[in-house]
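Input: a single structure, listed below in structure tokens.
Quick note: the coordinates plus some simple rules give every number you see, no bench work behind them. All of these numbers come straight from a predicted model, not from anything done at the bench. Every residue, glycine among them, receives a Cβ derived from its backbone with ideal geometry; neighbour counts consider all protein chains shown.
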Amino acid sequence: MEIVFDTQQEAADFYRRLPASFRQVTGVLLINSRLAVFPEKAADYKEFAQLITRYIIEKHEKDWIMDIIEKHYYFTEAEEQVAILNIVSAIFAGEKNDLPQMETLKDRRETIMESLESILQEHNTFTFQSIIRFRLTAYKEALRQYVEIAIDEYKLEQEYQVFIDKLRRIIRAYKPLCEKIEVYDEHPFKLYDDHHRLIRNVQSVRSFYPLLKQWGIEAEPSIVLTLIALAPKQVIIYTDRPEHGMMKTLHRVFEDRVCFVTRTLHIGNGSGYTQ
């Protein structure tokens, strides 16, 4: 089998990326801009397809994704492009498996592998450029779908940030009503005031929601909005899950006003606290 590259440099680059063990087993030869490979078993063909797939992803994927972001979805600002690219990268790394439509997408590596099967088995000589131009239609469509999902997530993140910024402005605009609120992470949350008394009456909190509409905020009651209504100078949260989404939101909203403490250190069940 012989693969012809556009340049000697490209051929040499591909050759250097091949594992030494594969080069030895399949007798790979580099001759100017040509690469001769002598696979014998089905496993050799499969491994070679995997290596070509890895090379395509490493050399071209980022540029193709950026091209899709700009030319297909018309995001021209560099900051936005990078943000969307980072979300796509997180999806590829398995960090966004909870996003909608993820289950319907095929693995991009498998998509490339399937495109390579026939050309590796049926052609003795082919150009690498022919793979790039004619064999990756399904893969590039998969990339477009990944980008589309990433853009939806990016827009949601932008809306979330606008929401957070509004809540921060509310906190800065209103005078704190108390020095400190302690929050115990239970179901539901328990809140204690400056004097370690359990806060039961939330009527004042409920009356806070009409004020939110003046700021353009439509939201259901939550621990975040409850704390904003109480307007403490300091929020201490006793929790064993500081990385949970709600805790991250509290941290973003209250910034340096909030402090997280391991829940086992909470003394709410001891003396000094009124239930």
Checklist entry - By the scheme Lys and Arg +1, Asp and Glu -1, what is the net charge of all other residues having a beta-carbon under 12 Å from that of Ile149? => result -2
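May I ask you to derive the relative contact order of region 2-165, considering only C-alpha pairs under 8 Å and at least 6 residues apart, and to give it as an integer percent?
Contact order relative to length: 28 percent.
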Item to check | Degrees, to the nearest 10: 245-254 long Cα axis against longest axis of the chain | outcome: 60 degrees
Checklist outcome for this item: With Cα coordinates, the longest principal axis of the chain makes an angle with the long axis of helix 108-122, in degrees rounded to 10, of 10 degrees
Checklist entry - On a 0 to 90 degree scale, rounded to 10, what angle separates helix 78-92 from the longest Cα axis of the chain? => result 80 degrees
Next on the checklist: List the residues, sorted by chain then number, that are 5 or more residues from Phe260 or on another chain and whose placed amide H is less than 5 Å from its amide H.
Outcome noted: Ile237
Next on the checklist: Students often get this wrong: which residues of region 36-77 have the backbone nitrogen under 17 Å from the point 7 angstrom along Cα-to-C-beta of Val25?
Outcome noted: 37-54
Checklist outcome for this item: Surpassing 28 Å at the alpha-carbon level, of the pairs Lys96/Lys190; Lys62/Lys96; Lys155/Lys190, are Lys96/Lys190; Lys155/Lys190
Next on the checklist: Would any residue of region 120-161 have its amide N under 13 Å from a label point 7 Å out along Cα→Cβ of Glu79? List them or say none.
Outcome noted: 158
Next on the checklist: Quick check on packing: order 118-126, 184-192 by the mean number of other C-beta atoms within 10 Å, highest mean leading.
Outcome noted: 184-192, 118-126
Next on the checklist: Please list 3J(HN,Hα) in residue order for region 223-230, calculated via the Karplus relation 6.51 cos²θ - 1.76 cosθ + 1.60 where θ = phi - 60°; whole Hz, with x for glycine and proline.
Outcome noted: 4, 4, 5, 4, 5, 4, 5, 6
Next on the checklist: Students often get this wrong: which residues of region 82-99 have the backbone nitrogen under 14 Å from the point 7 angstrom along Cα-to-C-beta of Leu156?
Outcome noted: 87-88, 91, 95-99
Checklist entry - Relative contact order of the chain: what whole-number percent is it, with Cα pairs under 8 angstrom and at least 6 residues apart? => result 16 percent
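Rank-order 75-85, 229-239 by packing density, defined as the average count of other C-beta atoms within 10 Å over each peptide's residues, highest first.
229-239, 75-85
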Checklist entry - Per-residue HN-Hα couplings for region 184-199, Karplus 6.51 cos²θ - 1.76 cosθ + 1.60 at θ = phi - 60°, whole Hz, x for Gly and Pro? => result 9, 6, 10, 10, x, 4, 10, 10, 10, 8, 4, 9, 6, 9, 5, 7
Checklist entry - Which ³J(HN,Hα) values in Hz, rounded to whole numbers, follow from the phi angles of region 134-151 under the Karplus curve 6.51 cos²θ - 1.76 cosθ + 1.60, where θ = phi - 60° and Gly and Pro get x? => result 10, 9, 10, 4, 5, 5, 5, 5, 4, 4, 4, 5, 4, 5, 4, 5, 5, 5
Checklist entry - Out of the DSSP beta bridges found with both residues in the chain, what percent are antiparallel (nearest 5)? => result 40 percent
